[in-house]
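Every number here is computed from the coordinates shown, using simple stated rules; none is lab data. Quantities reported herein were computed from a predicted structural model and do not represent experimental measurements. Here the Cβ positions follow ideal geometry from the backbone for every residue, glycine too, while neighbour counts run over all protein chains shown.
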There are 2 protein chains.
Amino acid sequence: MTHSLLTTYIPHPGFVIWMTGLSGAGKTTLALALEADFRRRAMRVERLDGDTVRQSLTRDLGFSKEDRDKNIERVTFVAQVLSRNNVAVLASFISPYRQMREFARQQTTNFVEVFVDASLEVCAARDTKGLYAKAMAGQIPNFTGVNDPYEPPLNPELHLRTDQESEEESVARIMAWLGGRGWLPR
Amino acid sequence: MTHSLLTTYIPHPGFVIWMTGLSGAGKTTLALALEADFRRRAMRVERLDGDTVRQSLTRDLGFSKEDRDKNIERVTFVAQVLSRNNVAVLASFISPYRQMREFARQQTTNFVEVFVDASLEVCAARDTKGLYAKAMAGQIPNFTGVNDPYEPPLNPELHLRTDQESEEESVARIMAWLGGRGWLPR
């Protein structure tokens, strides 16, 4: 691709919205809504999730603890270089281990931990990809919340209960938090 | 890290200076000089090379063809998201295979292939890390130029002969090329 003309962006600080939570809690749904909102504001934005990184960055990784840690390590590198260059990063990963989320926080600029929280029952009932049914039938090993651990954030910047609030409410809370920090373009 | 104040950058398009060539040809030396120059111009810049990515992104990779390809694949993802967000990327990797350099070109914005060329004899004589001596003694397998192939670029944007021109001349040629494209800030 060649672009010799300069795309117009509105200046804003880089930051990382790190959405952690169970499969089906609504991480990707929120990331897509935020991405659309940021783009309307002419912000620089990159969305990082399993779908965007699995083709290249993490193609070789599975779901063991070691592989999950490597996954977060590689994604964190990308979030690091983007966030320190004024890009808004939307990272949505189950990221079940506190230690690796803390690692991501330490390595990046303006890290915002967002706990995207819904009860296991609600997540399993949504079961958008039919994964909970398979995991509960013992067909998927290392499935977070069923047969693999999830360590909830102890002190996240935002705790969204997506089983009790609407998508619009969750998005509005994140945007209000960012606006309060002065991280959205004027 | 927390930065709530906006760093002042001068707007410029993103691009990727992809430096390919043998170990010892001068890729990292040129990348460091360009990085300093870009920063003096208040440009956004990230340098990607073995030293900067090996700790996280490519820690598990060796020097087989398969691992070299994976290395370029992961680095290319990073260069892709940076270059499309107006960051100047300085990538210096031996990257011996044409096919993977072509892949990087296709995936990124404003890709500039720079062939950092010096004869094998000159590279081996420099031997900054003592690697050629070991490779020639059979102690390092898959060492590019000694017992592993290097496919020179057929049509690079720039062909620098670092065994015939000074570092300052090479840097000046790259800067002139970028200036001619209008990619340096006014």
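Projecting the Cα atoms of A:Q139, A:F15, A:I94 onto the charge dipole of the protein assembly as shown (Cβ charges, centred on the Cα centre) puts A:F15 farthest toward the positive pole. Under a 5 Å amide H cut-off, with hydrogens placed 1.01 Å from N, A:A88 pairs with A:F15, A:R44, A:V45, A:E46 among residues at least 5 apart or on other chains.
In chain A, Cα pairs under 8 Å separated by at least six residues give a relative contact order of 32 percent.
Rg ratio for chain B: its Cα radius of gyration over 2.2 N^0.38 Å, N being its residue count, equals 1.03. Computed from Cα atoms alone, the Kirkwood hydrodynamic radius reported for the protein assembly as shown is 22.2 Å.
Each residue in A:L131, A:L90 was given a count of other beta-carbon atoms within 10 angstrom of its own, and listing them fewest first yields A:L131, A:L90. Taking other C-beta atoms within 10 Å as the exposure proxy, A:M43, A:M100 rank A:M43, A:M100 from fewest upward.
Of A:S95, A:S166, A:S23, the residue with the greatest mean-square motion in the GNM of chain A, using alpha carbon springs below 10 Å, is A:S166. Take the Cβ-Cβ distance between B:A137 and B:D163 as r, set R0 to 35 Å, and report the resulting FRET efficiency rounded to the nearest 0.05. Step by step, r from the Cβ atoms, then E = 0.90. Evaluating kT/(6 pi eta Rh) at 20 °C and 1.002 mPa s, with the Kirkwood radius of the range A:26-96 over Cα pairs in the Stokes-Einstein relation, gives 168 µm² s⁻¹. Ordered by the count of other Cβ atoms within 10 Å of each Cβ, fewest first, A:W18, A:W183 give A:W183, A:W18. Other residues lying with their Cβ under 13 Å from the Cβ of B:A88 contribute a combined charge of +4, Lys and Arg counting +1, Asp and Glu -1. Kirkwood Rh and Cα-based Rg: tell me the resulting Rg over Rh for the range A:80-186, rounded to two decimals. With Rh from the inverse mean 1/r over Cα pairs, Rg/Rh is 1.01. Cα centroids of the range A:75-138 and the range B:73-96: 24 Å apart.
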